[in-house]
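J.: Before I ask anything, here is the structure I am working with.
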Amino acid sequence: MDELTLLRSTRDLTREPSREALMRGRAALVSQIDGELPVALFAEVGEQTAFTPLKTRRRRRTVAWAGFSVLGAASVVVALVATNVLGVAGWNGGAEPAAASALRSAAAAAIQVSDPVVGPGQYLFVRTDGVYAGVGSLEEDADRIRAEGGDVQPSDEVAILASTRGELYVPADRSDAWVWITCTSQPSQTFGPRSERYAQEYADAINTYDLDIIRRFPGGITPGGGSFGGYAEGITTSIDYDALPREPRPLLDRIYELNGNSGQSRDGQALEWIISTLQWGIVPADFRAALYKAAAEIPGVEITDDQATLDGSTGIAIGRLETASNTRQEFIIDPETGQYIGERRVTLDGYAGIPPGTVTGWTAVTTSVVASAPTDAASCDG
């Protein structure tokens, strides 16, 4: 066992650092000892890499602060090695061991199972079925709420669950038009008499319009210039999966960077980013595996249900509790194939008449290959 592995063992005995990480750590450490100056911690390391310290005037040291010097040097060693071997996210801990193991096993399975082969003229068909929570107030309370200043109080809020469905057709030649169909939402679950009345008002409003809609995006590009689906990249989206790292720690660092300060917590938003990316159903197997391994690095991630069924498919539910809202975000994967099944959200406190422990939203994803894409939204009637 080398000195970097020994130091790293204070954190995690399950993974050995790569040769490149060891080179980076040693090179930075040697440079720091030699020049006593900062180095390019994030430089690419290769056979021709050289770390050249800046010239500086050395100060004469005295016995009076020799002890501090040793402590400071030790701190520098730890900081340099940790940054180069563990990465920016490395000190944050990681998922609960059973969850981390399940995610890494699913990642290995995803690599072994090939993606659907879409032949010339064919389409990858991604269907998403789900449920979400709709929250509002009743018409019968409208006059009182207006008389009280127009602010809806928590006691006025009422909720239902409503169904949703989407169909995405991705052409074999991705420069051709992508087709996206959204179907009209309908109430699917209520929570008492007030909720039942709200469901009727919701349905009446929805059914006033034909909300079965078909859209086409040439080359998968939206009118705003972003990619349809894909992953969030600031205020836009991208399907350039090759632009993102495949190693888990660098990928998680990049996700943190892309998210910035959004979300209720950095780790919760990172998991949300991963789930949202997987949810489109177009992530290639190698990147899907990378996302699973990145999720294994997020603190607080754990197995929440080892037999989770979503829209008829069963897998392992892996999630994290967001303490700010006391909501658990989960995603379900097939451990045998590494396939992404879907996601769900659970409220632990309840709200707007929804009882604690209720699944307030879920989305199931299925993929297949079809010969053609529809020209209208008639499939919503089926």
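The values are calculated or read from the model by the stated rules, or taken from the named source; none is laboratory data. Fair warning: this is a prediction, and the values are worked out from it, not measured in the lab. Don't worry about glycine lacking a Cβ; one is built from the backbone with ideal geometry, like all the others, and counts go over all protein chains shown. To get the accessible areas, we keep the full protein, side chains included, count just its heavy atoms, and leave off ligands, DNA and RNA. Shrake-Rupley method; radii C 1.70, N 1.55, O 1.52, S 1.80 Å.
J.: Determine the shape class of segment 168-229: with a ≥ b ≥ c the square roots of the Cα gyration tensor eigenvalues, call it rounded for a/c under 1.5, and otherwise prolate if a/b is greater than b/c, oblate otherwise. List each step's numbers first, then the result.
T.: Numbers: a/c = 3.63, a/b = 3.24, b/c = 1.12.
In terms of gyration-tensor shape, prolate.
J.: May I ask you to give the percent of accessible area on segment 103-173 that is carbon plus sulfur, with a probe radius of 1.4 Å?
T.: 48 percent
J.: Then there is this: Count charges around LEU321 for me, please; just the other residues with Cβ under 9 Å from its Cβ, Lys/Arg as +1, Asp/Glu as -1.
T.: 0
J.: Could you compute the net charge surrounding ARG215? Neighbours are other residues with a C-beta less than 13 Å from the C-beta of ARG215; K and R count +1, D and E count -1.
T.: Combined, the nearby Lys, Arg, Asp and Glu give -2.
J.: Please compute the per residue accessible area over segment 89-142 with all protein chains in place, 1.4 Å probe, rounded to a whole number of Å².
T.: 47 Å²
J.: Okay, next question. So, by mean Cβ neighbours within 10 angstrom, what's the order for 179-186, 114-121, 374-381 with the highest one leading?
T.: The peptides rank, most packed first, as 179-186, 374-381, 114-121.
J.: Once the convex hull of the alpha carbons of segment 124-262 is built, what does its volume come to per residue, in cubic angstrom?
T.: 181 Å³
J.: How much area per residue is accessible in segment 268-382 when the probe is 1.4 Å and only protein heavy atoms are counted (Å²)?
T.: 37 Å²
J.: For segment 241-382, which whole-number percentage of the solvent-accessible area (1.4 Å probe, protein heavy atoms only) is attributable to carbon and sulfur atoms?
T.: Numbers: 2650 of 5750 Å².
Of the solvent-accessible surface of segment 241-382, carbon and sulfur hold 46 percent.
J.: Quick one: net charge of GLY300's neighbours, Cβ under 14 Å, K/R +1, D/E -1?
T.: Within the 14 Å Cβ shell, the charges total -4.
J.: Still on this structure, I have one more. Using packing as a proxy for protection, rank 152-161, 254-263 so that the peptide with the highest average count of other Cβ atoms within 10 Å comes first.
T.: 152-161, 254-263
J.: Could the peptides 316-323, 106-113 be put in order, highest first, of the mean number of other beta-carbon atoms found within 10 Å of their residues?
T.: Result, highest mean Cβ count within 10 Å first: 316-323, 106-113.
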